[in-house]
């Protein structure tokens with residue numbers, strides 16, 4: 001198995017040492033781990049600074065790569081928070097440094113944070129979900145310097161702000177937007193991730209889950225990774241097996257790995 005979404009102490013919201021993440025990965029049977037540290041140059045109403053020193057990060061990862069080279073493949077990666085205000089800065093960061101793999105994620109809509117609930121104020125459930133997916137659609141088309149779209153259905157983690165549960169939402173109402181987003185990714189040789197953080201947030205689903213994965217497969221999607229979005233050692237490698245099961249149920253025979261931002265397709269039964 002491959003854990004392609006892990007945050008260490010180089011991310012503002014994690015204190016996990018790289019060694020601790022690697023030890024946890026090995027214990028969980030993970031063969032490859034990608035340290036996808038946060039870059040979010042625009043994140044209002046938050047005291048955290050989502051940025052890191054690339055040179056310091058690269059040196060630390062290279063030490064880890066050598067230390068664990070017989071047991072674990074360790075990749076240099078980044079999770080870039082997409083926002084129009086910062087497209088040029090994001091592009092510069094992505095293309096001026098070496099990365100094996102880049103996640104592009106949308107953490108804000110209407111320039112408001114989902115995590116702290118600001119985004120949901122004065123919105124109905126339908127308004128919140130539709131605007132969120134339209135925002136992702138726009139950003140994916142405008143910013144293309146990433147390999148996979150992170151946690152497409154991140155909004156599921158925060159629907160309690162509108163007193164709803166993800167199972168209450170008629171997700172098919174938004175399939176036209178989502179299908180268009182998938183097609184934009186596919187046309188530019190990008191993909192999506194299966195993010196397992198929904199289990200950490202106790203909503204008991206992957207982000208996205210099976211119906212979305214089937215839709216992605218049906219419109220021709222091939223590039224797909226699985227990651228825990230772990231910020232502590234307790235979640236590295238956790239629930240990856242469920243993610244791979246979802247891939248199989250959706251009809252995928254391969255999971256995607258990366259080197260130098262180029263995809264490689266690995267048979268799921270040989271992961």
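The values are calculated or read from the model by the stated rules, or taken from the named source; none is laboratory data. Because the structure is a prediction, the values reported are computed rather than measured. No Cβ is skipped: glycine too gets one built from the backbone with ideal geometry, and neighbour counts run over all protein chains shown.
Given the conditions (1) part of a loop (DSSP other than H, G, I, E, B); (2) over 24 Å from residue 226 (Cβ atoms), and given that residue 11 satisfies all but one, which numbered condition is not satisfied?
(2)
What are the residues in the stretch 50-75 that are closer than 21 Å to residue 28 by Cβ and assigned to a strand (DSSP E or B), if any?
Filtering the stretch 50-75 for residues closer than 21 Å to residue 28 by Cβ gives 61, 64-65, 67-75.
73, 74, 75, listed by residue number.
Can you find even one residue in the stretch 83-99 that is assigned to a strand (DSSP E or B), within 23 Å of residue 135 (Cβ to Cβ) and touching a strand residue (DSSP E or B) at 6+ places or on another chain (Cβ under 9 Å)? Give the steps one after another, and end with the answer.
We begin by selecting, within the stretch 83-99, every residue assigned to a strand (DSSP E or B); these are none.
Within the stretch 83-99, none of the residues are assigned to a strand (DSSP E or B), within 23 Å of residue 135 (Cβ to Cβ) and touching a strand residue (DSSP E or B) at 6+ places or on another chain (Cβ under 9 Å).
Mind counting the residues in the stretch 14-23 that are in contact with a strand residue (DSSP E or B) (Cβ under 8 Å, 6 or more places away or on another chain) and either closer than 18 Å to residue 207 by Cβ or not in a helix (DSSP H, G or I) (or both)?
Summing the residues that are in contact with a strand residue (DSSP E or B) (Cβ under 8 Å, 6 or more places away or on another chain) and either closer than 18 Å to residue 207 by Cβ or not in a helix (DSSP H, G or I) (or both) in the stretch 14-23 gives 1.
Could you check, for the stretch 105-126, whether at least one of its residues is within 20 Å of residue 30 (Cβ to Cβ), modelled with pLDDT of 95 or more and either surrounded by 21 or more Cβ atoms within 10 Å (Cβ to Cβ) or out of contact with any helix residue (DSSP H, G or I) (no Cβ under 9 Å at 6 or more places or on another chain) (or both)?
No, the stretch 105-126 contains no residue that is within 20 Å of residue 30 (Cβ to Cβ), modelled with pLDDT of 95 or more and either surrounded by 21 or more Cβ atoms within 10 Å (Cβ to Cβ) or out of contact with any helix residue (DSSP H, G or I) (no Cβ under 9 Å at 6 or more places or on another chain) (or both).
So if I check each of 163, 141, which one is over 19 Å from residue 85 (Cβ atoms) and surrounded by fewer than 20 Cβ atoms within 10 Å (Cβ to Cβ)?
163
How many residues are over 13 Å from residue 5 (Cα atoms) and in a loop (DSSP other than H, G, I, E, B) if we restrict to the stretch 24-41?
Step one: of the stretch 24-41, the residues over 13 Å from residue 5 (Cα atoms) are 24, 26-29, 31, 39-41.
Retained after the next criterion (residues that are in a loop (DSSP other than H, G, I, E, B)): 28-29, 31, 41.
Result for the stretch 24-41: 4.
Identify, please: which residue in the stretch 210-220 is touching a residue at least 12 places away in the same chain (Cβ under 8 Å) and surrounded by fewer than 21 Cβ atoms within 10 Å (Cβ to Cβ) and is, among those, nearest to the chain's Cα centre (by Cα)? Full working, then the answer.
First pass over the stretch 210-220, keeping only residues touching a residue at least 12 places away in the same chain (Cβ under 8 Å): 210-217, 219-220.
Those still in the list that are surrounded by fewer than 21 Cβ atoms within 10 Å (Cβ to Cβ) too: 210-211, 214-215, 217, 219-220.
On the way: 210: 16, 211: 18, 214: 18, 215: 18, 217: 18, 219: 20, 220: 20 Å.
Among residues in the stretch 210-220 that are touching a residue at least 12 places away in the same chain (Cβ under 8 Å) and surrounded by fewer than 21 Cβ atoms within 10 Å (Cβ to Cβ), the one nearest to the chain's Cα centre (by Cα) is 210.
Among the listed residues 33, 64, identify the single one that is touching a helix residue (DSSP H, G or I) at 6+ places or on another chain (Cβ under 6 Å) and in contact (Cβ under 8 Å) with a residue 60 or more places away in the chain. So that I can check it myself, show each step before the final result.
Numbers: 64 fails: in contact (Cβ under 8 Å) with a residue 60 or more places away in the chain.
Result: 33 is the single residue among 33, 64 that is touching a helix residue (DSSP H, G or I) at 6+ places or on another chain (Cβ under 6 Å) and in contact (Cβ under 8 Å) with a residue 60 or more places away in the chain.
Given the structure, is residue 77 surrounded by 15 or more Cβ atoms within 10 Å (Cβ to Cβ), modelled with pLDDT of 95 or more, closer than 18 Å to residue 13 by Cβ and touching a strand residue (DSSP E or B) at 6+ places or on another chain (Cβ under 9 Å)?
Values: surrounded by 15 or more Cβ atoms within 10 Å (Cβ to Cβ): yes; modelled with pLDDT of 95 or more: yes; closer than 18 Å to residue 13 by Cβ: yes; touching a strand residue (DSSP E or B) at 6+ places or on another chain (Cβ under 9 Å): yes.
The answer is yes for residue 77.
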